Amino acid sequence: MIVLHQFQQEAVAEIERHIAERRRRLLLVAPTGSGKTVIASELIRRWVAQYRRVLFLAHRREIIMQTSAKLVANGVRHGIVMANVDPRPMELVQVASIDTLHVRGVRSDAMDLPPADLVIFDEAHRARGRTREHLIGLYPNAVLLGMTATPCRGDGRGLGNLFDVMVEAPQIAELIVGGFLVKSRVYAPIDPDLKGIKVQQGDYVISQLAGRMNTERLVGDLVEHWHKHGENRRTIVFAVDVAHSVAIRNQFLGAGVPAEHLDGETPIPERATILARLAGGKIKVVSNCMVLTEGWDCPPVGCCILGRPTKQMGLFRQMVGRALRPADGKSDCVILDHSGAVFRHGLPEDHVEWTLDVDKRAATPAHEKRKASKGPTLHECPSCKTVIIKPPCYHCGWEPKPRARDVEFEDGQLGLVVGGKSRTEHLAQHEQLRFYRELRGFAHERGMKDGWAFHKCKEKGFTPPWAWKDYPLLEPSPGNAGVGQIENHRLCQTQTARGGMTTQDHELIEAWRAVANAKLTEFRRQCWRLALLVRQGFVDKTAAVDRLYEIAIAHALVRALGEDRVEAIIAEAFASANFREVA
């Protein structure tokens, strides 16, 4: 007996509820890998227990054999109607190939159509068409249950002409959270130019599409990016046509990667052997043309390459769904999109609003907002190149650092520039007046104009009134940084011009060493503040250290204290855990 997950049990219960309410045409919508066949096998088991007959219809040999295996695991006896398989017509359950059943039971009298109280149509998005609709019409009194991951036609419109009620299982994102599917990691290195390619029946014309995609450069890029991002995983490739698929296979072989090719003409035994070798890890890559898009399960496959552009959202979701099944050691699946599909249809995890309305199309609201520039757009992670919506990157954890705000240093004062304006330490008016008078005193002593003092005050963040020129001059104090900077500069010029040191020079140096010592506390405070900004991510550490050295040199601290001590002061600030302020 197969044990169903909670969401599968709920789906079975909802289907039975609708049937009890005499609804006869139901559509089960469940993502690829969610266990639609398991749900069907449980429903079949319950119907057989009531001695009611069931007909299961599918169009692929792989689907028929997988369904048969699930029925065996659930203890349900059944017959198979398919070429090269011995029939068992007396069983209550028949699993039939649509084409074989139509040829044997409709177009000829080779067999009678099996009676059925319940007809289950797998991959129900393919139910439209003369043969399929005619076959369904031959069971007017049976309950019809369609099953699909993508309940829409090729043009995206609903299937309301065949089904009346839609039963929806959880979507991909919810199943990932529950651990029933794995998350996708999408790389989209190529967005091919598809301008000028005609569209027929809702998709690109294959002959034109093949000529655009089957080029040496694009095929070579596909192999190159597999080596870069594929992580040597077992991989399925979806190609445009047979020639394109063969070219991809050959390119992988030329790169030393074990690869095979499948198409509709590949003999069934050879196809089974190739897929078994892929599942066993003996080959790494299988390239195919519209063979493995539906009804094929291989959980070990961890990479899917989209080499076939499509305008059909349903086909896109069928292809990427092949790699979403969980397996031992498989935390995610890699999708290499060389077709531009994710930019056209969105990410596999995007929620889809399905509809039965034949006049409406299925939609992904989140992606529609992206395309309309009403929400975050898809873009590459700058670090690992994964396609993301917004930081942080779910693969490598990258997220942008807070933008460093400009830090302005004026005369030893650390000023944070906000909105283009510097916020430096505020001086009271009496402090501004004293500062200006000291600067004028220094300028008068050195033979400079009063305009120098005026501009120094402007740099400090205030404009001295004209009336302040009437105040007496003051001798500069040791803490006046503007005076300190100009004096050190002039001392260096004097020493260079004289070629030696006089007694007066030594006295001046000693005087300015005292100035440097007086400013040591202020320098320490600047070190702590800038270290805090670095810790908060607003300033780069290397740039901060370089700026502190500039301040130390400009304020003569290096000359007065020595490089080792200045370096120790800076290191102490950056090594602190709590960045406390210095008194």
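The values are calculated or read from the model by the stated rules, or taken from the named source; none is laboratory data. This is a predicted model, so every value here is computed, not measured. Neighbour counts are summed over all protein chains in view; Cβ atoms, including those assigned to glycine, are modelled from backbone coordinates with ideal geometry.
Check every one of the helices (runs of 4 or more DSSP H) wholly within segment 56-142 and list those with 2 or more residues that are farther than 22 Å from S34 by Cβ. So that I can check it myself, show each step before the final result.
Numbers: elements: 61-73, 98-105, 130-137.
The helices (runs of 4 or more DSSP H) meeting that bar are 98-105, 130-137.
Of the residues that sit in segment 538-583 and are among the β-branched types (V, I, T) and part of a helix (DSSP H, G or I), which one is modelled with the lowest pLDDT? Before you say what the answer is, go through the steps one by one.
Just the residues of segment 538-583 that are among the β-branched types (V, I, T), to begin with: 539, 542, 545, 551, 553, 558, 566, 569-570, 582.
Those still in the list that are part of a helix (DSSP H, G or I) too: 542, 545, 551, 553, 558, 566, 569-570.
Working: T542: 80, V545: 83, I551: 79, I553: 73, V558: 67, V566: 79, I569: 84, I570: 84.
The extreme case among them is V558.
Let me spell it out: the conditions are (1) in contact with a Leu (Cβ under 9 Å, 6 or more places away or on another chain); (2) modelled with pLDDT of 95 or more; (3) surrounded by 21 or more Cβ atoms within 10 Å (Cβ to Cβ), and G35 meets all of them except one. Which number is the exception?
Looking at each condition in turn, G35 falls short on (2).
Residues to consider are A49, A30, A40, A58; find the one that is more than 24 Å from E133 (Cα to Cα) and either modelled with pLDDT under 95 or of a type in the set (A, V, I, L, M) (or both).
Numbers: A30 fails: more than 24 Å from E133 (Cα to Cα); A40 fails: more than 24 Å from E133 (Cα to Cα); A58 fails: more than 24 Å from E133 (Cα to Cα).
Of the residues listed, the single one that is more than 24 Å from E133 (Cα to Cα) and either modelled with pLDDT under 95 or of a type in the set (A, V, I, L, M) (or both) is A49.
Sort out for me the helices (runs of 4 or more DSSP H) sitting completely within segment 239-324 that have 1 or more residues that are polar (S, T, N, Q) and closer than 15 Å to V223 by Cβ.
On the way: elements: 242-254, 268-280, 313-320.
Passing ranges, in order: 242-254.
Quick one: count up the residues across segment 242-257 that are under 29 Å from the mean Cα position of the chain (by Cα) and either under 13 Å from L336 (Cβ atoms) or not small (G, A, S) (or both).
The first filter runs over segment 242-257 and keeps only residues under 29 Å from the mean Cα position of the chain (by Cα), leaving 244-245, 248-249, 251-252, 255, 257.
Restricting the remaining residues to those that are either under 13 Å from L336 (Cβ atoms) or not small (G, A, S) (or both) gives 244, 248-249, 251-252, 257.
Going through segment 242-257 one residue at a time, the tally reaches 6.
Is it true that G202 is farther than 16 Å from I248 by Cβ and either of a type outside the set (A, V, I, L, M, F, W, C) or outside the structural domain of R322 (by TED's automatic domain parsing) (or both)? Show your work before the answer.
Numbers: farther than 16 Å from I248 by Cβ: yes; either of a type outside the set (A, V, I, L, M, F, W, C) or outside the structural domain of R322 (by TED's automatic domain parsing) (or both): yes.
Yes.
Every residue, every condition in (1) of a type in the set (K, R); (2) without any contact (Cβ under 8 Å) to a residue 24 or more places away in the chain; (3) closer than 21 Å to E294 by Cα, yes or no:
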site: F238; (1), (2), (3): no, no, yes
site: S245; (1), (2), (3): no, no, yes
site: A255; (1), (2), (3): no, no, no
site: A259; (1), (2), (3): no, no, yes
site: D263; (1), (2), (3): no, no, yes
site: P269; (1), (2), (3): no, yes, yes
site: A272; (1), (2), (3): no, yes, yes
site: A276; (1), (2), (3): no, yes, yes
site: G280; (1), (2), (3): no, yes, yes
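Of all the residues that make up segment 186-210, how many are in a loop (DSSP other than H, G, I, E, B) and touching a residue at least 40 places away in the same chain (Cβ under 8 Å)?
Step one: of segment 186-210, the residues in a loop (DSSP other than H, G, I, E, B) are 188-198, 201-202, 205.
Applying the additional criterion that residues be touching a residue at least 40 places away in the same chain (Cβ under 8 Å) yields 188-192, 194, 201-202.
Final tally of qualifying residues: 8.
Being out of contact with any Asp or Glu (no Cβ under 9 Å at 6 or more places or on another chain) and touching a residue at least 60 places away in the same chain (Cβ under 8 Å) is the filter; apply it to segment 72-83 and report the residue that is farthest from L118 (Cα to Cα).
For segment 72-83, the residue satisfying everything is A73.
Which condition breaks for H18 when tested against (1) part of a loop (DSSP other than H, G, I, E, B); (2) of a type outside the set (A, V, I, L, M, F, W, C); (3) over 21 Å from P115 (Cα atoms)?
Failing condition for H18: (1).
From the residues in segment 188-239 that are within 20 Å of the chain's Cα centre (by Cα), among the charged types (D, E, K, R) and more than 14 Å from C304 (Cβ to Cβ), which one is surrounded by the fewest Cβ atoms within 10 Å (Cβ to Cβ)?
K228
Here are some residues: E91, E42. Which one is under 42 Å from the mean Cα position of the chain (by Cα) and among the acidic types (D, E)?
Working: E91 fails: under 42 Å from the mean Cα position of the chain (by Cα).
Exactly one of E91, E42 is under 42 Å from the mean Cα position of the chain (by Cα) and among the acidic types (D, E), namely E42.
From the list M82, M1, M90, pick out the single residue that is among the aliphatic types (A, V, I, L, M), assigned by TED's automatic domain parsing to the domain that holds D164 and over 25 Å from V291 (Cα atoms). Step through it out loud before you land on a result.
Values: M82 fails: over 25 Å from V291 (Cα atoms); M1 fails: assigned by TED's automatic domain parsing to the domain that holds D164.
Being among the aliphatic types (A, V, I, L, M), assigned by TED's automatic domain parsing to the domain that holds D164 and over 25 Å from V291 (Cα atoms) holds for just one of M82, M1, M90, which is M90.
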